[in-house]
Amino acid sequence: MILGDICTRACKFCATTTGKPLPPDSGEPERLAESVRALNLKHCVITSVDRDDLYDGGASVWAEVIKYVRKINPLTTIEALIPDFDGKEECLMKIIEAGPDVISHNIETVRRLTPMIRTKAKYERSLDIIRYILLKGKINKSGFMLGLGETEKEIYETIDDLSAAGCKILTIGQYLKPSPDHMEVVNYYAPEKFEKYRQSALTKGFEFVESSPLVRSSFHAERHVKAG
């Protein structure tokens, strides 16, 4: 995770600290790239907190990090798991032009629950970001959680919406409450239900679908580079 560990948003499902972040660390891109080399990683997933305090949401830092990782580790594949940057195309283009292999942006939950669970992000904006990534010729990816009070109809609608937006890779996992102050888990889904949703999504044209209780965004991420 880059750009610090303090987020400017306060989504109800996330355990990341909310507050006033520190200024970006100019040495972070090179240091992260060296860490990838030291660990001899074949694939790395880069993500960040939301940085609404920065003029471009931190997109320029993102681009620098991706370029450094690529320069020092030319054989390492990269997934960028990005925030929404308020949907600004000029910010998204900085990420796209940096050249990650996969660009992921999680829709997180169904349309109805989005205003209650995601502080500033919008359901349609997230779909627009998925569309834009595909339009620019990059492999796109998204995911959402179950257990926040969604109905089965809403689960299928979310799968359909992501499919219609051209999403190639989908992850579905069980929401688990990270602290007493976060959203309650409304219901737990059996593995059989996750498999049912996986099979349904595959019929909608997704190339990879990871769906089980413990699936998170980076689950089997190294396989997803082959999409598209």
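A cut-off of 5 Å between modelled amide H atoms, ignoring neighbours fewer than 5 places along the same chain, links I2 with T47, S48, V49. Between the amide H of H43 and those of T77, distances stay under 5 Å, these residues lying 5 or more places away or on another chain, with hydrogens modeled in the peptide plane.
The count of lysine pairs in region 43-138 whose Cα atoms are under 26 Å apart, excluding pairs fewer than 8 places apart on the same chain, comes to 19. Near K177, the amide H atoms lying under 5 Å from its own belong to V185; only residues 5 or more places off or on other chains count, and H is placed 1.01 Å from N.
Ranked for footprinting exposure by Cβ neighbours inside 10 Å, fewest first, R118, R131 give R131, R118.
All C-alpha to C-alpha distances of the chain, sorted into 5 Å bins beginning at zero, yield P(r) values of 1, 7, 15, 19, 20, 18, 12, 6, 2, 0 percent in whole numbers.
When the Cα centres of region 100-178 and region 211-228 are compared, how far apart do they sit, in Å? After rounding, the separation between the Cα centres reads 14 Å.
Read the figures in this text as sums done on the coordinates, not as results from a lab. Quick caveat: nothing in here was measured; it's all calculated off a predicted structure. Cβ atoms come from the backbone with ideal geometry, glycine included; neighbour counts cover every protein chain shown.
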